[in-house]
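First up is the structure itself, then whatever we jot down about it.
The values are calculated or read from the model by the stated rules, or taken from the named source; none is laboratory data. Note that the coordinates shown come from a computational prediction; the quantities given were computed from them, not determined experimentally. Cβ placement follows ideal geometry from the backbone for every residue including glycine, while neighbour counts extend to all protein chains displayed. These accessible areas exclude ligands, DNA and RNA; they are computed on the full protein's heavy atoms, side chains included. Shrake-Rupley method; radii C 1.70, N 1.55, O 1.52, S 1.80 Å.
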Amino acid sequence: MQRPIPVPTFDYVVFGATGDLTRRKLIPALYYRFRAGQFSERSRVIGVSRSAWDDARFQQVARDAVNEFVDPAYLDGALVEKFAACFFYVSNDVTDRDGWADLRSRLRDDEAVVRAFYLAVAPDIFERICVFLAETGCWRPSARVVLEKPLGHDLASSREINDAVARVFSEDQVYRIDHYLGKETVQNLLALRFANALFEPIWNAAHIDHVQISVAETVGAGTRGYYDDSGALRDMIQNHILQLLCLVAMEPPASGDANALRDEKLKVLRSLRPITGDTVSKVSVRGQYRGTASQAAAVRSYQEELPDDRKGSRTETFVALKAEIDNWRWAGVPFYIRTGKRMAAKVSEIVIHFARIPHSIFEDGVGAAKSNKLVIRLQPDEGVKLFMMVKDPGPGGMRLREVSLNLSFAQTFEDRMPEAYERLLMDVVRGNQTLFMRRDELEAAWSWVDPIRQAWDAAPDFPQPYAAGTWGPTGSVALIERDGRAWHEESDF
Ligand code: BG6
């Protein structure tokens, strides 16, 4: 059982406190950390929003969120009460001076109390919030600001947001959340690559044939207006999947220092071969799900879910891409990435396909030696599997068979797997930016994604349809099969 290292006492100010993120993610994550003894009841969470709530109402929201979203095995009535007592509320319509004065009066001046502002609001009000934080004396040099996505919808808009924040907060005060980086299994990529001597000598184009990254979800896009403006490219690839790609592809950083790591990720992003109008149709596929009527529970198509004024939308709910990294380590090694809503299973995994054996000593008829595969399962059934060839035991001579060495986290570790936000929220208080995106990384990611978006927008075609509950449009299968390869199947795991 790991003992968490206590963090300093904090004043966490959450703008957008009445929203879903606070209830579903932030409050339960904080409760787990409180229960683990990582912070004491001297710490405060100060919710800010327009609604006319008061402390008592916010405390009740905290209790309800804990009861609804925390595993019942971790609930403890007396502890929940102590936890709820850490919650305070300020009603503030961002432009209202009285609200700011109220907020200012709730903040403790003691420098030993960490002050963090969590902006879980639409980015178009980031600027106003930052300006008011400065003007009303809430800002101080040691304060931190946490930014939730979406941080823009293209390079230009992300620059505007970052410029606005940068007029008040310096880069070392800014924590841009990509919740994938807080996932245990994503952090495990660092351990796997850099705490084992085994992989690094073969982690390159000489020994790796290709890499696959799949993030599939069974949920639909729902009726979120945000999704229709964004689409899978912006919602999942620009941030989460490119971050995964960076962790797989980056050079070993000289140290675990936040900037050393982020420098290496940035180099990967800058080495990505641009996908433009000339190449987009060869290396990308976008899809949109259709409904299904046959199953017991019929599933509506993306179009049916949309409000009337958005019908006919060409927003993609699925993307598959063949990405290439133009550097010495990865020249000629494609990274096939795909993500989608309403797919056959919820699964996120990275599959490293090693090169084939250079020469077979075996006779025909013993079975082909398949190339080795390292499957890193991020969720669910977190774990790592190494597929390799062995002799099928028994008489009758040599027969080759593929088996896997299986490291299942659930079987190996008894502890609950912490939620991404637990780690990230505490890292902000600790002042550790390692798992947060630096501005130049974010901009490099947009610089790669923007031309893809533009090429799609300029093309007359509609995203390819795929039936809900499948692995996406046939074009995605063709994308990889054209290169003589195939997507790793769920049943292979
Ligand atoms: C979010 C996206 O960032 O990540 C959602 O906006 C997506 O559309 C979610 O469903 C996936 O996160 P997770 O942790 O469930 O894989």
Based on the Kirkwood radius over alpha-carbon pairs, what value in µm²/s does the Stokes-Einstein equation return for the translational diffusion coefficient of region 306-352 at 25 °C and 0.890 mPa s?
179 µm²/s
Compute the angle between helix 55-69 and the longest alpha-carbon principal axis of the chain, please, reported from 0 to 90 degrees and rounded to the nearest 10.
20 degrees
If you project the alpha carbons of region 104-261 onto their three principal axes, what span does each projection cover, largest first, in Å?
59, 42, 27
Of every Cα-Cα pair in region 385-493, the percentage lying beyond 21 Å is 72 percent
Rg ratio (alpha-carbon, reference 2.2 N^0.38 Å) - region 87-139
1.12
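At a 1.4 Å probe, what is the % contribution of carbon and sulfur to the accessible area of region 362-454? Walk me through the numbers before you get to the answer.
On the way: 2320 of 4460 Å².
Carbon-and-sulfur percentage of accessible area, whole number: 52.
Could you work out the relative contact order of region 21-176, using alpha carbon pairs under 8 angstrom and six or more residues apart, expressed as a whole percent?
Working: 180 pairs, mean separation 31.3, N = 156.
Across region 21-176, relative contact order equals 20 percent.
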Rounded tilt (10° steps) of 439-458 against the dominant C-alpha axis of the chain:
60 degrees
Roll a 1.4 angstrom probe over the protein heavy atoms and tell me the percent of accessible area of region 252-329 that is carbon or sulfur.
52 percent
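What number results when the radius of gyration of the chain, computed over Cα atoms, is divided by 2.2 N^0.38 Å?
Relative to the 2.2 N^0.38 Å estimate, the chain comes out at 1.04.
What number comes out for accessible area per residue over the chain if the probe is 1.4 Å? Units Å², please. Intermediate values should be presented prior to the final figure.
Numbers: 21750 Å² over 493 residues.
The answer is 44 Å² per residue.
Report the equivalent ellipsoid semi-axes for region 143-235 in whole Å, largest first, defined as the square roots of five times the eigenvalues of the gyration tensor built from alpha carbon atoms. Could you put the intermediate results ahead of the total?
Working: eigenvalues 195, 96, 37 Å².
Working through the eigenvalues yields semi-axes of 31, 22, 14 Å.
Distance cut-off 28 Å, Cα to Cα: go down the list LYS282/LYS341; LYS149/LYS282; LYS25/LYS373; LYS25/LYS311; LYS25/LYS385 and report the pairs above it.
On the way: LYS282/LYS341 22 Å; LYS149/LYS282 30 Å; LYS25/LYS373 34 Å; LYS25/LYS311 31 Å; LYS25/LYS385 30 Å.
Result: LYS149/LYS282; LYS25/LYS373; LYS25/LYS311; LYS25/LYS385 exceed 28 Å.
Quick check: convex hull of the Cα atoms in region 210-351, volume per residue, rounded to a whole Å³? Don't skip to the answer; put the middle values down first.
Values: hull volume 19.4 nm³, N = 142.
For region 210-351, the hull spanned by Cα atoms encloses 137 Å³ per residue.
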Restricted to Cα positions, what overall size does region 40-115 have along the principal axes? Three whole-Å values, descending.
43, 31, 15
Please determine, in degrees from 0 to 90 and to the nearest 10, the orientation of helix 126-135 with respect to the longest principal axis defined by the Cα atoms of the chain, where the helix direction is its Cα long axis.
40 degrees
Taking 8 Å as the Cα distance limit and 6 or more residues as the minimum spacing, I'd like the relative contact order of region 1-110 as a percentage.
31 percent
Stokes-Einstein at 25 °C, 0.890 mPa s, Kirkwood radius from Cα pairs: D for region 2-82 in µm² s⁻¹?
186 µm²/s
Counting only the backbone N, which residues of region 418-445 are under 14 Å from the spot 7 Å out from the Cα of TYR74 toward its beta-carbon?
418-426
Eigenvalues of the alpha-carbon gyration tensor of region 408-468, times 5 and square-rooted, give semi-axes in Å, largest first, of 36, 23, 9
Using a 1.4 Å probe over the heavy atoms of the protein chains, calculate the carbon and sulfur portion of the accessible area of region 42-169 as a whole percent.
50 percent
